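A.B. asks: One structure, pasted below without further comment.
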């Protein structure tokens, strides 16, 4: 039954066939429920054109919006409340009750609007969007409420429901199994017009239509139905049932915490931002002038004569097409696979060009050292200086004065929207991306606390290496963090460099000194991350700028330094190729499902279909004869093997990478829950940047909260790392210190 709650003075504007009730009856019905559904609709708070709405939009941005309708109830009774005329403050006792589970879709949205505009912080939730992501992470499915309604309940927001339009050959059949079962034997079509949602934004105080009220009830019912389906888990294979209950619990607990973090925002030193933007723009112009001068003096084909300004460089350094043309002329233009076409194309992208530098010039780039041109074909100087130009180009565009348009017109702060669960288990930051602010203290100093507050920045010490030691169960690495090394303490990079270069240099007496042997230590530091994340000898050769033979030497020496690591890698890769999914962490049991697993298996089966039965039992010589014949008779066979090896290699690299990133990410989420669960809207976590938690607190308790944060991060670490202790470091000050 649908019940409508509004002010008595408004009833006259509604159809008398509606079931009217009051908030007291709603509260009485809900107070003893264990599970209820929750949803809201929002409308604009201010008149049009009072503020710029191109970035912060009414209906979405809680500072620009008001809740016009709140829907709450269960499968039997749904209460639609006209919040424009009814005070929902009494619902605080229900929504903050930890014994009542609130079910909805994308409840981070409800968290932000209810907290800011009604001082209600939702406790104990089940977010069907997040739980669906946990269940299907990695697979090519959509996570909107409409998508889940189609997939599991058979609803359509189109004129006709077409199963063929919904099917993607790259997706596993199980995703649609519940939909096929639901529709079996049913002729009627279930239809929900989701376009009604947009009607609320400009509704003002206009009475709701009957369709809008019924729509509101649907958004209570469907998440409750979806939760019942999600609680059943997934049958991945005949002997593999997937129901990550701990994963559900942790990610659901994180939703309202993340909503509150987003709502706080962070303050910016705008005056200093403008000053730095001007400084970077002047540096950009200087670097551009030097490149232009080199071109005009040495490569006249790329110049143009101007009656008033004389000869000028005709290369547009901001245009990839223009620079590619010049790089091709120089003979130094690399190729890489395009993200858009999937084909190998010429590029002057920073990553591809950087690989062409010598190790010395890579260090020059990182140091910001511009090189003097020694000749017309000094291509190392050109690439180094061009990359530095691109760096300052980005600093004057992406992070220039225009960036300040993200300053909120009401609060004067900047806000980021976090996507809670990516394939690896990590979060990403969008609109704006506060996880990719340029490195350097000058940028960190831009982010400042409010008024009489301190900023606290805390991060794990060597989190990913410690997690790597745990998930690989490597005793050599683990002992470094549990017992310490007599020379290096817990400095894993110096120890790695020592172990590696003893072998490479054939010098048992070699000991890496952090200050003296910086080059060796940096090589070891790069190696440990690249190899832990699935890098091969070829990757190391390209990224470190060494020959393939030397990279192979580094690679083998690394594994010799850590006995048992290679065996773990081999076992991990073999297992993932067999089952097609990766366990992100052992505590929550969340998984990543490889979307191309079926495609990979089909490529293997196609290739193997050319080989005779019993092929694997033949001798090496017999196999070679058959391979030679098949290669000649079936040229298409190599294409199947190529496809299989590419997809298999991608999966194997992800298997090594994701278990470390997934464990690290979930650890940080748990730490954030522990740190922020009792915080207010004014104090608490402002930013999450990978393993770093940035907070603000009143100055008189900032030191105490810094210690508390370290305790919480260590406590979270114990759940994920049983054999390796996790440690954290903190800094307190008047800006974002790192």
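A.B. asks: Residues that are more than 26 Å from residue 251 (Cβ to Cβ), in contact with a helix residue (DSSP H, G or I) (Cβ under 8 Å, 6 or more places away or on another chain) and surrounded by 18 or more Cβ atoms within 10 Å (Cβ to Cβ): does segment 465-473 have at least one?
C.D. replies: No, the conditions are met nowhere in segment 465-473.
A.B. asks: Since residue 579 meets every condition but one in (1) in contact with a helix residue (DSSP H, G or I) (Cβ under 7 Å, 6 or more places away or on another chain); (2) in contact (Cβ under 8 Å) with a residue 24 or more places away in the chain; (3) more than 29 Å from residue 350 (Cβ to Cβ), which condition does it not meet?
C.D. replies: Only one criterion is unmet by residue 579, namely (1).
A.B. asks: Spot the failing condition for residue 546; the list is (1) over 16 Å from residue 658 (Cα atoms); (2) touching a residue at least 60 places away in the same chain (Cβ under 8 Å); (3) exposed (fewer than 15 other Cβ atoms within 10 Å of the Cβ), and only one is missed.
C.D. replies: In the conditions (1) over 16 Å from residue 658 (Cα atoms); (2) touching a residue at least 60 places away in the same chain (Cβ under 8 Å); (3) exposed (fewer than 15 other Cβ atoms within 10 Å of the Cβ), residue 546 misses (3) alone.
A.B. asks: In segment 696-738, how many residues are closer than 17 Å to residue 445 by Cβ and at pLDDT 95 or above?
C.D. replies: Here is the first cut: in segment 696-738, the residues closer than 17 Å to residue 445 by Cβ are 696, 731-738.
Now restrict to residues that are at pLDDT 95 or above: 696.
Of the residues in that region, 1 qualify.
A.B. asks: Something else about it: When segment 428-447 is examined, which residues are found to be surrounded by fewer than 18 Cβ atoms within 10 Å (Cβ to Cβ), over 25 Å from residue 60 (Cα atoms) and in contact with a helix residue (DSSP H, G or I) (Cβ under 9 Å, 6 or more places away or on another chain)?
C.D. replies: 438, 442, 443, 445
A.B. asks: Right, next: Only residues that are over 16 Å from residue 497 (Cβ atoms) and either surrounded by fewer than 15 Cβ atoms within 10 Å (Cβ to Cβ) or without any contact (Cβ under 8 Å) to a residue 12 or more places away in the chain (or both): list them for segment 550-569, please.
C.D. replies: Listed by number, the residues that qualify are 563, 564, 566, 567.
A.B. asks: So, residue 117, is that one farther than 16 Å from residue 224 by Cα and in contact with a strand residue (DSSP E or B) (Cβ under 7 Å, 6 or more places away or on another chain) or not?
C.D. replies: Working: farther than 16 Å from residue 224 by Cα: yes; in contact with a strand residue (DSSP E or B) (Cβ under 7 Å, 6 or more places away or on another chain): yes.
Criteria met by residue 117.
A.B. asks: While we're looking at this one, here's another question. Only one of 276, 291 is touching a residue at least 12 places away in the same chain (Cβ under 8 Å), within 20 Å of residue 394 (Cβ to Cβ) and more than 33 Å from the chain's Cα centre (by Cα). Can you tell me which? Before you say what the answer is, go through the steps one by one.
C.D. replies: Values: 276 fails: more than 33 Å from the chain's Cα centre (by Cα).
The match here is 291.
A.B. asks: Please verify whether residue 56 is surrounded by fewer than 20 Cβ atoms within 10 Å (Cβ to Cβ) and in the same structural domain as residue 196 (by TED's automatic domain parsing), treating the condition exactly as stated. Working first, answer last.
C.D. replies: Details: surrounded by fewer than 20 Cβ atoms within 10 Å (Cβ to Cβ): no; in the same structural domain as residue 196 (by TED's automatic domain parsing): yes.
So residue 56 fails the test.
A.B. asks: Can you tell me which residues in segment 589-604 are under 18 Å from residue 650 (Cα atoms) and either surrounded by fewer than 18 Cβ atoms within 10 Å (Cβ to Cβ) or in contact with a helix residue (DSSP H, G or I) (Cβ under 6 Å, 6 or more places away or on another chain) (or both)? Talk me through it step by step, then tell me what you get.
C.D. replies: Of the residues in segment 589-604, the ones under 18 Å from residue 650 (Cα atoms) are 591-604.
Correct list: 592, 594, 596, 598, 599, 600, 601, 602, 603, 604.
A.B. asks: Regarding segment 667-678, can at least one residue be identified that is at pLDDT below 95, more than 21 Å from the chain's Cα centre (by Cα) and surrounded by fewer than 21 Cβ atoms within 10 Å (Cβ to Cβ)?
C.D. replies: There is at least one residue in segment 667-678 that is at pLDDT below 95, more than 21 Å from the chain's Cα centre (by Cα) and surrounded by fewer than 21 Cβ atoms within 10 Å (Cβ to Cβ).
A.B. asks: Just need a number here: residues in segment 506-539 that are assigned to a helix (DSSP H, G or I) and over 25 Å from the mean Cα position of the chain (by Cα). Quick ask: steps written out before the conclusion?
C.D. replies: Looking only at segment 506-539, we keep the residues that are assigned to a helix (DSSP H, G or I), and these are 518-532, 537-539.
Among the residues that remain, those that are also over 25 Å from the mean Cα position of the chain (by Cα) are: 518-524, 537-538.
So the count comes out to 9.
A.B. asks: Within segment 489-511, work out how many residues are in contact with a helix residue (DSSP H, G or I) (Cβ under 6 Å, 6 or more places away or on another chain), within 19 Å of residue 460 (Cβ to Cβ) and free of Cβ contacts under 8 Å to residues at least 12 places away in the same chain.
C.D. replies: Matching residues across segment 489-511 total 0.
A.B. asks: Out of 456, 432, which single residue is within 23 Å of residue 256 (Cβ to Cβ), at pLDDT 95 or above and either over 20 Å from the mean Cα position of the chain (by Cα) or assigned to a loop (DSSP other than H, G, I, E, B) (or both)?
C.D. replies: Working: 432 fails: at pLDDT 95 or above.
After ruling out the rest, the residue left standing is 456.
A.B. asks: While we're looking at this one, here's another question. Just to be sure before I move on: is residue 229 touching a residue at least 24 places away in the same chain (Cβ under 8 Å) and outside any helix (DSSP H, G or I) in the structure I sent? Give the derivation first.
C.D. replies: Working: touching a residue at least 24 places away in the same chain (Cβ under 8 Å): yes; outside any helix (DSSP H, G or I): no.
Taking the combined requirement at face value, the residue does not satisfy it.
A.B. asks: Now for a separate question. Would you mind stating whether residue 422 is in a loop (DSSP other than H, G, I, E, B) and in contact with a strand residue (DSSP E or B) (Cβ under 8 Å, 6 or more places away or on another chain)? Explain how you work it out, then say what you get.
C.D. replies: Numbers: in a loop (DSSP other than H, G, I, E, B): yes; in contact with a strand residue (DSSP E or B) (Cβ under 8 Å, 6 or more places away or on another chain): yes.
Against the criterion (in a loop (DSSP other than H, G, I, E, B) and in contact with a strand residue (DSSP E or B) (Cβ under 8 Å, 6 or more places away or on another chain)), residue 422 qualifies.
A.B. asks: Next up: Working carefully through the options 257, 220, 213, find the one that is crowded, with 20+ Cβ neighbours inside 10 Å, in the same structural domain as residue 103 (by TED's automatic domain parsing) and in contact with a helix residue (DSSP H, G or I) (Cβ under 6 Å, 6 or more places away or on another chain). Reasoning before the result, please.
C.D. replies: Numbers: 220 fails: in contact with a helix residue (DSSP H, G or I) (Cβ under 6 Å, 6 or more places away or on another chain); 213 fails: in contact with a helix residue (DSSP H, G or I) (Cβ under 6 Å, 6 or more places away or on another chain).
Residue meeting the stated conditions: 257.
The values are calculated or read from the model by the stated rules, or taken from the named source; none is laboratory data. A quick note: this is a predicted structure, and the numbers were derived from the prediction, not measured. We place every Cβ from the backbone using ideal geometry, glycine too, and count neighbours over all the protein chains shown.
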